[in-house]
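Note sheet for the following structure.
Every number in this text was worked out from the coordinates using simple rules, so none of it is lab data. Everything numeric in this text was worked out from a predicted model, so none of it was measured. Note that each Cβ is placed from the backbone with ideal geometry, even for glycine, and that neighbours are counted across all protein chains shown.
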Amino acid sequence: MKLRWFLPLFLLHVAPLRAQTGYVGVHDPLEPRVQWDFLVLGPSPEGPFRLEVYYKLFNSGLSYRKEGGAYVAEYEVEVLVYQEGDQVAGTTFKENYTVESYPRTLSLTDFILNQINVKMEAPGIYQLTLRLRDLRSGHASSSEHSFDIPNRQDGWECSRLEFARTIQPSRDTSQFHKSGWLVVPSVTRSYGGESQLECPVYLEVYGPEEARGKKLRLEMACQDAFGTRKFNIAVPVECAGRVTPVTAQLPVASLLPGRHTVFLKLTGGDGGSPLYTDKDWFEILWSMYTLLRADFPTAVEQLRYISSDGERKKLLETPDSLRTQAWQSFWDKRDPTPGSSNNEYRDEFYRRVRYSIATFSVGDHAGWRTDRGMIYVQYGEPDEVEQHPFDLDDYPYNAPWQVWRYYANNLEFVFVDQRGSGDYELQYPYDGEYWRRN
């Protein structure tokens, strides 16, 4: 079977898949493309609480003016904190951002990564508004959040995890420096690239000053979306007084794509009853690198829409040491622009797989395995979707149903949710090349 790859549709539908904190998933082309995350730390001996706001702003989301031989954008970030409707804290940051060439102004991968700190005086429940404004075009995007600052005066507490791109000892004074560490944030909390085998995290343990030198143990257990335990690590902690910084590396190489939950438990050095518990989340990206490392059979199974049984059998029988080479060869044969840095066919295939997972998954049935996912991976975005979500008593199906139409191919597919589960099954008659896949 072949992937129906129509270049005009491909160009219209290229967009990164978004499933991250603070990011507006359906991007308005007039809004700057920005992602947010934040963390509250403290109090510390040097001062009160500190709200750290992280943002990742893509080059292509800004407007530029040519000045000399360079291109200059100007933007403004506002961080506004409210409590019971009244603004209690905030700050504004402006920056001129310069790139040396016109292609970089259009880049979908180049970005600005920055951190803004706001001093917070007291515990409480707060509302947070994050706003970015392109000062050249006037366009803006904003994100709303709630957070609370617990009263950390008695007993033991931990900050939330900061998920990082990299963590290393440092004495510099950049905005990413804290407690002797350089912590560069991973704003999206997303991992799973070609060489990402570990997920660096930073947190702070808060305890009484008189506990300085006390031996503690911080356990971090990871579960996937189905509650399956994936790893459990223990980090020894020696209390440094009121604030103890802790770093760790979470082993993510064997994790399957999707959202994962980290359960934290702080105990005495010998274990026992927990002093503090919490949980947080991160994401493993759906990428071929992740599947190749963690679940090669599934990676091969996904190719069934564009490959022969013989090709898949050959891949599965490839020795571990030659898998990467065999995989690359499979995609090289399908590269529409050999010699270029991108394989547009492969990239579009995985875009469709990711979209199917995000849109058509039902329970533990991955979206690309469903009938709608099958057709979407094969043909891409339908030209028209006719929906009948409430026609439960109407002929001919007496159940919710959809019709997908592809005008360029003169094709029409009917899907019916016979069991009311959200899994729409492909109906006869249809293109005889397709069948129900479970």
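Could you calculate the contour length gain from Phe93 to Leu113, that is, 0.36 nm times the residue separation minus the distance between their Cα atoms, to one decimal place in nm?
5.9 nm
Under a point spin-label approximation (7 Å from Cα along Cα-to-Cβ), what is the Glu381-Lys279 distance to one decimal in nm?
It works out to 3.6 nm between the two label points.
What does the charge dipole of segment 20-151 about its Cα centre add up to, to the nearest 20 debye, if the Cβ of each Lys and Arg holds +1 and the Cβ of each Asp and Glu holds -1?
I would put it at about 420 debye.
Can you give the helix-only mean residue ellipticity at 222 nm for the chain, where every DSSP H stretch with n ≥ 4 adds -39500 (n - 2.57) and the sum goes over all residues, rounded to the nearest 500 deg cm²/dmol?
About -4500 deg cm²/dmol.
Highest first, please rank the peptides 232-241, 164-173, 344-353 by the mean number of other Cβ atoms sitting within 10 Å of their residues.
Answer by packing, highest mean first, reads 344-353, 232-241, 164-173.
Compare the peptides 375-388, 139-152 by average per-residue count of other Cβ atoms within 10 angstrom and give them in order, highest first.
375-388, 139-152
What nm distance separates the two modelled labels at Thr324 and Gln223, each placed 7 Å from Cα along Cα→Cβ?
Distance between the two pseudo-spin positions: 3.5 nm.
With contacts defined as alpha carbon pairs under 8 Å and 6 or more residues apart, what's the relative contact order of the chain in percent?
Once divided by the residue count of the chain, the mean separation gives 11 percent.
Given Gln387, Val414, Pro338, which one lies farthest toward the positive end of the charge dipole of segment 295-426, if we put +1 on the Cβ of every Lys and Arg and -1 on the Cβ of every Asp and Glu?
Result: Pro338, furthest along the dipole toward the positive end.
Kindly state, to the nearest 0.05, the FRET efficiency for Asp347 paired with Glu84, given R0 = 45 Å and r defined as their beta-carbon distance.
For R0 = 45 Å, the calculated efficiency reads 0.40.
With a 10 Å radius around each residue's Cβ, average the other Cβ atoms per peptide and rank 416-427, 251-262, highest first.
Taking the mean over residues of other Cβ atoms within 10 Å, the ranking is 251-262, 416-427.
Taking Cα atoms, how many degrees apart are the long axis of helix 323-332 and the longest axis of the chain, rounded to 10 and kept between 0 and 90?
Result, in degrees: 60.
Any idea what angle helix 344-360 forms with the longest principal axis of the chain, computed on alpha-carbon atoms, 0 to 90 degrees, nearest 10?
So the helix axis and the longest Cα principal axis differ by about 80 degrees.
What is the spin-label model distance, in nm, from Asp335 to Glu311 if the labels are put 7 Å beyond Cα along the C-beta direction?
The modelled label-to-label distance comes out at 1.6 nm.
Along the Cα-to-Cβ line of Arg259, 7 Å from the Cα, sits a label point; which residues in segment 206-225 have backbone N less than 20 Å from it?
From segment 206-225, the list is 221-225.
Any idea which of Pro245, Pro43, Asn96 is furthest toward the positive side of the dipole for the chain, if Lys and Arg beta-carbons carry +1 and Asp and Glu beta-carbons -1?
It is Pro245.
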